[in-house]
Amino acid sequence: MEPTNDKSTAESPVPLSIEVSVVIPCRNEERTLAGCILEALEACKSAGISGEVIVANNGSTDNSQAVAEAHGARVVDVQEVGYGNALRGGIAQARGKFIVMGDADGSYQFCEIPRFVDQLRNGFDLVMGNRFKGGIDPGAMPWLHRYFGNPVLSWIGRRLFRSPIGDFQCGLRAFSRQAYDAMQTTAPGMEFASEIVVRATQMNLRVTEIPIQLKPDGRNGPSHLRTWRDGWRNICLMARLRFQSRRGT
């Protein structure tokens with residue numbers, strides 16, 4: 001899947017060599033997007049990281065695109081709707097050796113980027129955030145997700161694939177471009193989060209996790225996550241990948 005349009009801000013000079021691409025999937029996030037972009041850019045600048053921010057615009061009908069361009073991000077329009085589709089489209093246009101992905105709703109702290117990059121520089125292929133080890137602020141995660149959905153999905157993933165990761169669904173994570181390309185992801189929706197972890201585990205890549213804090217999102221509309229539908233899609237994906245691995249396909 002390729003994005004149909006790539007819009008870059010002319011005002012920002014492109015570094016000769018980009019180490020880190022921060023990819024943010026976005027669908028109608030004009031309220032919180034600017035803060036995420038600025039925090040990511042400042043985190044890279046303060047740590048001496050050569051970086052860029054890519055906003056994967058996935059059918060926004062608000063001012064998200066204009067906000068992204070005004071605050072120094074490169075906008076990639078992705079026509080195929082879905083969390084996985086948006087990220088794949090954004091990553092396809094990324095120029096960095098390392099990729100950091102995070103949501104546009106203000107719930108993740110992009111100031112943590114240097115911690116993720118340090119682990120990638122140390123040789124890890126996939127670095128996951130873990131919200132349960134770092135802390136979940138009051139109101140940041142619905143009760144059903146915190147005490148049932150996320151723990152159950154992560155437990156299933158660990159049991160089926162013997163993965164060391166404790167938070168399969170964490171949206172703030174980083175990986176090398178080389179590792180990502182080898183994964184050959186296909187999941188179109190929220191199950192993309194599990195697919196990354198599963199494929200990295202199956203390929204015996206070096207994976208680790210770091211504690212992060214989850215904050216309440218700043219959006220004024222409903223979440224893009226659909227609890228039961230997306231949970232079921234995650235389970236189906238893991239079952240399919242497990243079946244394929246047993247058959248050697």
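The values are calculated or read from the model by the stated rules, or taken from the named source; none is laboratory data. Since the model is a prediction, treat every value here as computed from it, not as a measurement. Glycine gets a Cβ as well: all are built from the backbone with ideal geometry, and neighbour counts include every protein chain shown.
The table below gives the values:
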item: Number of positions in segment 103-151 that are assigned to a helix (DSSP H, G or I) and in contact (Cβ under 8 Å) with a residue 40 or more places away in the chain; result: 16
item: Yes/no for A47 being more than 24 Å from P188 (Cβ to Cβ) and out of contact with any Phe, Trp or Tyr (no Cβ under 9 Å at 6 or more places or on another chain); result: yes
item: Of all residues making up segment 65-85, the number that are assigned to a helix (DSSP H, G or I) and under 11 Å from P25 (Cα atoms); result: 3
item: Residue count, segment 86-111 (criterion: surrounded by 18 or more Cβ atoms within 10 Å (Cβ to Cβ) and either farther than 14 Å from I24 by Cβ or among the β-branched types (V, I, T) (or both)); result: 4
item: Tabulated pairs, segment 213-242, first farther than 21 Å from V198 by Cβ and loosely packed, with under 13 Cβ neighbours inside 10 Å, second modelled with pLDDT under 90 and of a type in the set (K, R), C-beta under 6 angstrom, 6+ apart or interchain; result: none
